[in-house]
Amino acid sequence: MSASDGRGGAPGLGRRLEAWLPQIVVSPIFALSFFFVYCFIGWTIYISFTKSRMLPVYELAGLLQYERLWATPRWYVALENLFVFGGLFIVGCLVIGLVLAILLDQRIRAEGVLRTIYLYPMALSFIVTGTAWKWILNPGLGIERVAHGLGFENFKFDWLINPDMAIYTIVIAGIWQSSGYVMALFLAGLRSVDDEIIKAAAIDGAGPLRTYAGIVLPMLGPVFLSAIIILTHLAVKSFDLVIALTGGGPGYATDLPATFMYAYAFQRSELGMAAASAVMMLATIMAIMVPYLYSELRGGNR
Amino acid sequence: MHERRRRRLAGAARYAALTLIFVVLILPLYWFVMSSFRPVEDIFRYANDFGIRTLVPTRITLQNHIAVFRSEFTRALFNSLFVCTTTVALSVFVNSMAGFAFAVFEFRFKNVLFVLVLLSFMMPFESIVIPLYSISRALGLVNTYGALILPEAANGLVIFLFRQFFLAIPRDIYEAARVDGASWWQIYLRMTLPLSGPTVAAASLLIFIHQWDAFFWPLIAASSPELVVVQVAVARNMSVDQTNWGVLFSSASIAVAVALVPFLLLQRYYVRVVGLGRT
């Protein structure tokens, strides 16, 4: 195509089209995000105020669904699990990711290879991770059996089938999968810290621990924030991991709001209640995202 | 002297820690893939008397893989590959154009629109899934490829990556090309897009993995056997009461192997573009 085609035919129309080009290019994306996301969120919120069961109905019923939701013991289990899982998952990933990053930051050989290995769980789906850990943690087949074989006859590890402990198996699998990514985030942050500062601290007699705790970590503030945002997002939507690892069980001991919502919307035909639970999830995400975005946007335009 | 010994000790500790983590990360995958090549009756046999045979198979067979390829999994592989490549092509095109527009053009409400678009991709999927399913059903999209591809076409992170890249190109270049009579379309297609190779690579990886790993939405929107995707097929292999571990392991290994190909080819671009480090 030469530079003159497409403009020779109707210059008037071409000019006018060009003047509108920004709007033309942006509008499909905007329409998609606006329609698919904001309208649908509005729709979900609306449904949460109706009596919808199997099919959406549009007659308002006030806070009925929210009252039903908060009267359901299973919802409390799901919420409690979200806080237990979310808290341990985020803290675990941050600690392990940070320690790994500090270790890797010390000019280590074969760094590229190591980083690839730490990042590779990124290519695994939560379904596959869940499958692997379902086996490893299975009392009859996994590490418990290996430990028995090694002579530790009394070794017992039944978290997967123990309603009180099952949620922690999801924490383990989640941390295993996600801490490598957090490590990469921190490593990039550590690399941007000026070496001179660390050297100056060493000259002033600060040990490595004090250097990191007192000087380097405070400089990683923005990295902590973005890591927490990414991990929060993963924690809220860890539907796949729960389905693969425990299926929400034993009973509904490992239900999370996402699996709760799925069960009520698509298995129990309780659209209204499912929508109410989705609105609660949205509110949780917004409570974390909005302050972050506000601080990001105030900090600069980029 | 003291300083040197301490440093050497620290070095040893560091490598020990890295090795331990290496084992923790690699072992589950290794065990998993290796077991898929074992006859079913051998899979759990050597866990009891732990030894070299636990980790190195004595008998190798392809029976699990053959069983997998004879099942619906072949269909799932085809479906997922088709959905992923189509989504990558469509999504790179649409999102790079949007990124270009947000970086280069000036128009009213640009910043507000950009924030709204970005924010829309941070909303939990659960809060839109009920209407999305209702609409898809009303439009007859349930159990079609369209239902799997179209909702994933727009991606906020990809728009963001492209915008950042296009912002870094000096504006003078665009102005000069405009003076020479190039249309915006030509500038986008023949000047900036070819420059953005690493961003295209990183975005493609991101979209491919995202779509390859998709589970929740396909589970709802594409439940028919003809449209089953890989993750759903893997999950189905274990949801039955009597899990056939051989088939489960080999289907999961294949799911990992396919995702590792673009990951290993493109991860260095991803690492660079997303700002995770130098390559």
Quiz prompt | Where a residue in the range A:247-266 is closer than 14 Å to residue B:130 by Cα and at the interface with chain B (Cβ under 10 Å from one of its Cβ atoms) and its partner, wherever it lies, is in a helix (DSSP H, G or I) and acidic (Asp, Glu), with Cβ under 6 Å and at least six apart | solution = A:258/B:126; A:261/B:126
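Going through the range B:120-150 one residue at a time, which ones are among the charged types (D, E, K, R) and at the interface with another protein chain (Cβ under 8 Å from one of its Cβ atoms)?
Residue satisfying the conditions is B:126 alone.
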Quiz item: How many residues are assigned to a helix (DSSP H, G or I) and either surrounded by fewer than 22 Cβ atoms within 10 Å (Cβ to Cβ) or more than 8 Å from chain A (Cβ to nearest Cβ) (or both) if we restrict to the range B:96-119?
Solution: 14
Quiz item: Filtering the range B:252-270 down to residues that are facing another protein chain (nearest Cβ under 9 Å) and more than 14 Å from the chain's Cα centre (by Cα), which residue is farthest from residue B:32 (Cα to Cα)?
Solution: B:268
Quiz item: Are there any helices (runs of 4 or more DSSP H) wholly within the range B:128-220 with 3 or more residues that are crowded, with 17+ Cβ neighbours inside 10 Å and at pLDDT 90 or above, and if so which?
Solution: B:197-212
Practice problem: Kindly check whether there is at least one residue in the range B:226-241 that is more than 21 Å from the chain's Cα centre (by Cα), within 29 Å of residue A:120 (Cβ to Cβ), hydrophobic (A, V, I, L, M, F, W, C) and buried (at least 19 other Cβ atoms within 10 Å of the Cβ). | Solution: yes
Practice problem: Show the residue pairs that are 6+ apart or on different chains and have beta-carbon atoms under 6 Å apart, the first residue being within the range A:147-175 and within 14 Å of chain B (Cβ to nearest Cβ), the second being of a type in the set (D, E, K, R). | Solution: A:149/B:49; A:157/A:144
Exercise. Would you list the helices (runs of 4 or more DSSP H) that sit entirely within the range A:139-207 and hold 3 or more residues that are modelled with pLDDT of 75 or more, assigned by TED's automatic domain parsing to the domain that holds residue A:128 and on the phi < 0 side of the Ramachandran plot?
Key: A:166-191, A:195-203
Quiz item: Exactly one of (1) within 13 Å of another protein chain (Cβ to nearest Cβ); (2) under 30 Å from residue B:10 (Cα atoms) is unmet by residue A:91. Its number?
Solution: (1)
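The values are calculated or read from the model by the stated rules, or taken from the named source; none is laboratory data. Not measured: the values here are computed from a predicted model. Don't worry about glycine lacking a Cβ; one is built from the backbone with ideal geometry, like all the others, and counts go over all protein chains shown.
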